[in-house]
Amino acid sequence: MHKHDQLYIDGRWVSPASPRRIAVINPYTEQPVGHVPDADSADADSAVEAARRAFPVWSATSVDERVALLKRCHEIFAAKRDAFTATLVSEVGMPAKLTRRIQVGLPMQQFDIFADLLPTALAERQIGHSRVLREPIGVVACITPWNYPLHQIVAKVVPAIAAGCTVVLKPSEVAPLNAFLLAEVFDEAGLPPGVFNLVTGYGASVGQRLVSHPDVDMVSFTGSTAAGRAIGQAASATIKRVALELGGKSAAVVLDDADLPTAVRATVSSCFLNSGQTCTALTRLVVPHSRYEEVARLAVEAAERFTLGDPNDDATRLGPLVSRAQQERVHALIRRGITSGADLLLGGAEAPLPARGYFCLPTVFGRVAPGSVLDQEEIFGPVLSILTYPDGDDAAALAIANGTIYGLAGAVWSQDAGRAARVAGKMRAGQIDINGAAFNIRAPFGGFRQSGNGREMGIYGIEEFTELKAIQMPAS
Ligand code: NAD
């Protein structure tokens with residue numbers, strides 16, 4: 001059991017204002033695996049005060065000092081990687097093999113990558129008679145979700161600290177345990193008091209206080225579009241910078257000359273990764289009309305291979321959803337999908353499920369109508385929608401791909417590199433993969449339209465936490 005009764009504020013573990021706790025539930029066993037403080041506004045205020053006090057000294061440290069600290073953090077993190085993996089499997093439910101590689105492996109690399117990029121990201125430029133400097137923006141509130149909880153925390157907290165900012169982190173109340181291990185990493189690395197602060201609790205209490213606190217300069221948020229909208233509004237009262245990483249309904253566009261079996265298998269894998277609880281999941285497979293039957297058969301075959309089971313069993317490819325609430329939400333959307341008139345090809349919300357665990361069956365819908373619920377709504381479960389467009393009409397395929405409020409990710413499949421690049425160029429989304437190209441941890445990550453307005457990762461992820469200052473020099 002992970003019993004956390006204290007918050008990390010000003011370099012110390014301190015008791016929260018109230019003894020209330022939030023239980024953390026293992027989505028496979030449905031049993032508690034630990035608890036964290038249900039902090040309130042007073043705790044948020046203490047954390048912001050600590051971050052504010054630490055800012056002048058931390059922001060004045062040299063880039064070299066901060067690079068050295070990131071490298072130390074990387075080593076300490078690496079020594080704890082098994083503990084991170086076990087903790088994340090128990091609170092998120094993603095299969096352990098994938099958790100180790102993605103949920104732990106990616107954040108671990110980030111410390112080194114940000115250390116490498118920091119000198120370039122913060123380099124001074126000369127523009128005419130102006131020196132142009134990048135300075136840390138100040139106190140940053142980082143608010144994160146549960147689906148890749150550590151990755152999302154690290155993608156904010158590490159570049160913010162690297163840039164010279166001080167941070168208050170409010171992790172998801174659903175999967176907060178990994179954040180306590182991360183606080184230990186910073187503590188052991190000797191990060192000065194107040195540079196990193198951890199306050200757990202709900203969005204409506206701690207979260208709301210942080211995003212409206214007058215001493216917070218920036219809010220970096222990853223989560224749902226609905227919460228992002230509320231946060232943007234609250235933060236606007238004090239003109240904070242707000243970086244939002246929100247939802248998606250990303251499309252894989254398969255052109256008529258594509259390698260169909262590879263395209264379908266890769267899209268199913270993307271859609272079902274982490275049981276569909278991935279913001280960049282390719283949840284819409286957009287294919288030429290004449291190939292529909294073949295695609296439907298291939299998609300069902302690929303989806304059937306996603307064996308449900310214990311996340312700690314290496315044979316499991318599909319773990320449970322994160323919570324009972326998420327399971328109910330996904331099942332409700334599947335039922336709406338059925339009433340929308342789409343063909344249910346596999347899975348659904350009614351077939352028998354394992355006796356325990358918040359599972360959802362791998363589900364495939366065919367003949368999904370553009371504009372219908374299965375085309376428009378982020379489901380955040382293992383649910384694939386297949387849509388068709390008239391053969392050869394790339395513009396029609398693009399209209400479907402771009403036809404939602406979102407614009408986070410996308411994919412294009414074609415044997416013709418030029419044609420694939422042209423289609424990718426017209427997709428209104430932040431990251432597009434051609435023919436299954438791999439995720440790039442150094443490339444900018446973020447959304448168009450209602451998928452958000454921020455960019456994380458790589459050099460852009462550091463710049464996000466800076467202000468530009470121009471100092472005009474007199475002619476000599
Ligand atoms: P959520 O929006 O419910 O919660 C995210 C975080 O915000 C939590 O810490 C929550 O406590 C807090 N919060 C909620 N309302 C708040 C408010 N009014 N003020 C301050 N804080 C508030 O999202 P979730 O269910 O945890 O995560 C799933 C969502 O996250 C999906 O929509 C998914 O697409 C999105 N997501 C986006 C990205 C991305 O990078 N674009 C990455 C992962 C997940």
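What tally of residues in the range 74-117 results from selecting those that are touching a residue at least 40 places away in the same chain (Cβ under 8 Å), over 23 Å from N147 (Cβ atoms) and not acidic (D, E)? If you could, list the steps in order and put the result at the bottom.
Of the range 74-117, the ones touching a residue at least 40 places away in the same chain (Cβ under 8 Å) are 74, 76-77, 80, 83-84, 87-99, 102-104, 106-107, 109-115, 117.
Right, trim to over 23 Å from N147 (Cβ atoms) and you get 74, 76, 112, 115, 117.
Narrowing the set further to residues that are not acidic (D, E) leaves 74, 76, 115, 117.
Selection size over the range 74-117: 4.
Exactly one residue among R422, R356 is away from the ligand (no atom under 16 Å from the Cβ), without any contact (Cβ under 8 Å) to a residue 60 or more places away in the chain and of a type in the set (D, E, K, R), and that residue is R422. Among the numbered conditions (1) surrounded by fewer than 24 Cβ atoms within 10 Å (Cβ to Cβ); (2) β-branched (V, I, T); (3) over 27 Å from A226 (Cα atoms), the only one that V254 does not meet is (1). The strands (runs of 3 or more DSSP E) falling completely within the range 384-476 that include 1 or more residues that are touching an Asp or Glu at 6+ places or on another chain (Cβ under 7 Å) map to 409-413, 466-472. Within the range 194-205, the set of residues being near the ligand (Cβ under 10 Å from one of its atoms) and in contact with a Ser or Thr (Cβ under 7 Å, 6 or more places away or on another chain) comprises just one member, S205. Within the range 140-155, residues that are free of Cβ contacts under 8 Å to residues at least 12 places away in the same chain have Cβ atoms under 9 Å from residues that are more than 8 Å from the ligand (Cβ to nearest atom) and of a type outside the set (D, E) in no pair, counting only partners at least 6 apart in sequence or on another chain. Taking the condition farther than 17 Å from V286 by Cβ, in a loop (DSSP other than H, G, I, E, B) and open to solvent by 30 Å² or more (accessible area, probe 1.4 Å), does P370 pass? Against the criterion (farther than 17 Å from V286 by Cβ, in a loop (DSSP other than H, G, I, E, B) and open to solvent by 30 Å² or more (accessible area, probe 1.4 Å)), P370 does not qualify. Checking each residue of the range 248-261 against the condition of being part of a helix (DSSP H, G or I) and away from the ligand (no atom under 15 Å from the Cβ) gives at least one match. Quick one: which of A325, A369, A332 is away from the ligand (no atom under 16 Å from the Cβ), aliphatic (A, V, I, L, M), at pLDDT 95 or above and within 25 Å of L246 (Cβ to Cβ)? Going through A325, A369, A332 in turn, the sole match is A369.
For A51, indicate whether it is open to solvent by less than 30 Å² (accessible area, probe 1.4 Å) and of a type in the set (G, A, S). So A51 passes the test.
Checking each residue of the range 159-172 against the condition of being within 10 Å of the ligand (Cβ to nearest atom), open to solvent by 10 Å² or more (accessible area, probe 1.4 Å), modelled with pLDDT of 95 or more and under 19 Å from S224 (Cβ atoms) gives no match.
Let's see how each residue does on (1) open to solvent by less than 30 Å² (accessible area, probe 1.4 Å); (2) closer than 30 Å to S270 by Cβ:
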position: H4; (1), (2): no, no
position: R20; (1), (2): no, no
position: N26; (1), (2): yes, yes
position: E30; (1), (2): no, yes
position: A60; (1), (2): no, no
position: C73; (1), (2): yes, no
position: K97; (1), (2): no, yes
position: R100; (1), (2): no, yes
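Within the range 187-215, the set of residues being surrounded by 24 or more Cβ atoms within 10 Å (Cβ to Cβ) and on the phi < 0 side of the Ramachandran plot comprises V195, F196, N197, L198, V199, T200, V206, G207, R209, L210, V211, H213.
Checked against the criteria, N197 counts as of a type in the set (S, T, N, Q), in contact with a helix residue (DSSP H, G or I) (Cβ under 6 Å, 6 or more places away or on another chain), in contact (Cβ under 8 Å) with a residue 24 or more places away in the chain and not in a helix (DSSP H, G or I). State whether the residues of the range 277-286 include one that is assigned to a strand (DSSP E or B), more than 16 Å from the ligand (Cβ to nearest atom) and either of a type outside the set (S, T, N, Q) or open to solvent by 30 Å² or more (accessible area, probe 1.4 Å) (or both). The answer is yes; a qualifying residue exists. The residue that is farthest from the ligand (Cβ to nearest atom), among those in the range 217-233 that are assigned to a helix (DSSP H, G or I) and open to solvent by less than 30 Å² (accessible area, probe 1.4 Å), is G232. Within the range 456-470, the residues that satisfy the criterion of being open to solvent by 40 Å² or more (accessible area, probe 1.4 Å) and either under 15 Å from V140 (Cβ atoms) or in contact with a Cys (Cβ under 6 Å, 6 or more places away or on another chain) (or both) are E463, E467. The set of residues from the range 262-276 being closer than 30 Å to E91 by Cβ, hydrophobic (A, V, I, L, M, F, W, C), in contact with a helix residue (DSSP H, G or I) (Cβ under 8 Å, 6 or more places away or on another chain) and away from the ligand (no atom under 13 Å from the Cβ) comprises V268, F272.
Please specify each residue of the range 302-355 satisfying the condition of being hydrophobic (A, V, I, L, M, F, W, C), open to solvent by 20 Å² or more (accessible area, probe 1.4 Å) and within 27 Å of the chain's Cα centre (by Cα). Passing the criteria: L308, A315, A325, A332.
The values are calculated or read from the model by the stated rules, or taken from the named source; none is laboratory data. All figures in this text were calculated on a predicted structure; none of them were measured in a lab. Here the Cβ is made from the backbone with ideal geometry for all residues, glycine too, and neighbour counts use every protein chain on show. Only protein heavy atoms, including side chains, enter the accessible area calculation; ligands, DNA and RNA are left aside. Shrake-Rupley method; radii C 1.70, N 1.55, O 1.52, S 1.80 Å.
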